[in-house]
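See structure below.
The values are calculated or read from the model by the stated rules, or taken from the named source; none is laboratory data. Because the structure is a prediction, the values reported are computed rather than measured. All Cβ positions, even for glycine, are placed from backbone atoms using ideal geometry, and neighbour counts span all protein chains on display. Side chains are part of the model used for accessible areas, which takes the heavy atoms of the whole protein and leaves out ligands, DNA and RNA. Shrake-Rupley method; radii C 1.70, N 1.55, O 1.52, S 1.80 Å.
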Amino acid sequence: MRTLRRTWRLPSARIALAVLALVALLAVAGGALAPHDPLAQRPVDMLHGPSAAHPLGTDYLGRDVLSRLLAGTGSSIVGALEAVGAAMLLGIVPGIASVWLGRTVEWTAQRAADTLMIMPFTVFAIAVVGALGNGMHQAMLALGVLFAPLYFRVTRAAALGLKQAQYVEAAELMGASRGWILRTHVWGKILPTVAVTTAQAVGQALLVVASLTFLGLGVQPPAPTWGGMLASDLGYLAQQPWAPLIPGAAIMITVGALNILADAVRDSGTAAGDPRTTVPVLASGTPASGPPASGPPAPDPAASAPDPAASAQVAAAAAPDQVSGHKGELGEYAASPPGRVPPATNGNSEEAEQRVTTG
């Protein structure tokens, strides 16, 4: 919660959340807000520019571009969220399990993650769609499988650091169950890292979904999608060179807002755990900024500093006592025959006396 409050205070995070809220609204109610039927074809209005009836113009079949853009928001966003949801399920659980369930599970999960990381997104998605059929769910499942190693590595790295924490070891020694430790001490610390990874993964998944729909995979035409609109507009650049900018701008703005939100959450989490962000307190007990600190004031350094004159008097008063403490030893040395060294010359008086005698 503290990380969320810090994130909300950042202006960049507020702007990103406002943009994403608008995109979410269009994803839910975009079809209802569309001024025209996104599938209705009007050959007499083919490749028309912006007008009062069609604010963003029409495509090569006379369909309203604004209506198709609004209706295609839902399928594009839902596809990206479906892929990220599958990746979280397939990545977070094995990532935590690899830390707590022994070396066999750890080795198996790491080898599976390494294998999936070397596979290209588009080729693997095409293979899965070819095997399971051309559908949105099949393509997003394949995409989620390829995004799972990202969550696996991030979750595993965070869990490894928490497993060695002293409070986790103390809970284990006191007999706490593994599930209680994961719920109480581990998941709350991993959640900010998962949130940052999710914001970045949704942006990447949106780009991959646009690439797949650009190729005609996942959502089949004439269903509107951002990638499908981009593919159809590229064939008519001579008549409408500005047409691909509309779906491209929608993709760019959404992905940019997700990346900005991810950066804001990461910065807020870093600031929450950085001891340098605390307010320094002056010697007088007053913080460097803000109201005075509660509690008794700290002693004044000027008042607590020793007086040089008083220190000299104390040293002079203590000197006779120190001399009198060694008076007997000095008297014995004065009455002793020549060649004897004082007994307090160093820690090795016998060795020193031997050197003087033989020297």
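The residues of the stretch 32-135 expose on average 50 square angstrom of accessible surface per residue, using a 1.4 Å probe on protein heavy atoms. Between Asn134 and Arg111, the FRET efficiency from the beta-carbon distance, with R0 = 35 Å, is close to 0.70.
On the stretch 38-78, 69 percent of the accessible area sits on carbon and sulfur atoms, based on a 1.4 Å probe. Electrostatic bookkeeping for Arg68 treats Lys and Arg as +1 and Asp and Glu as -1; over the other residues with beta carbon under 12 Å from its beta carbon, the sum is -3.
Spin-label model, Val28 to Leu101: label points 7 Å out along the Cα-to-beta-carbon direction sit 3.6 nm apart. Starting from the Cα of Ala18, move 7 Å in the Cα-to-Cβ direction to define the label point; list residues of the stretch 222-263 whose amide nitrogen is under 18 Å from there. In the stretch 222-263, the label zone of Ala18 (backbone N under 18 Å from the point 7 Å along Cα→Cβ) covers 253-262. In this view, the solvent-accessible surface of Trp100, computed with a 1.4 Å probe and all protein chains in place, comes to about 20 Å². Residue separation times 0.36 nm, minus the C-alpha to C-alpha distance between Ala176 and Tyr236: what's the value? Using 0.36 nm per residue and subtracting the Cα-Cα distance, I get 15.0 nm.
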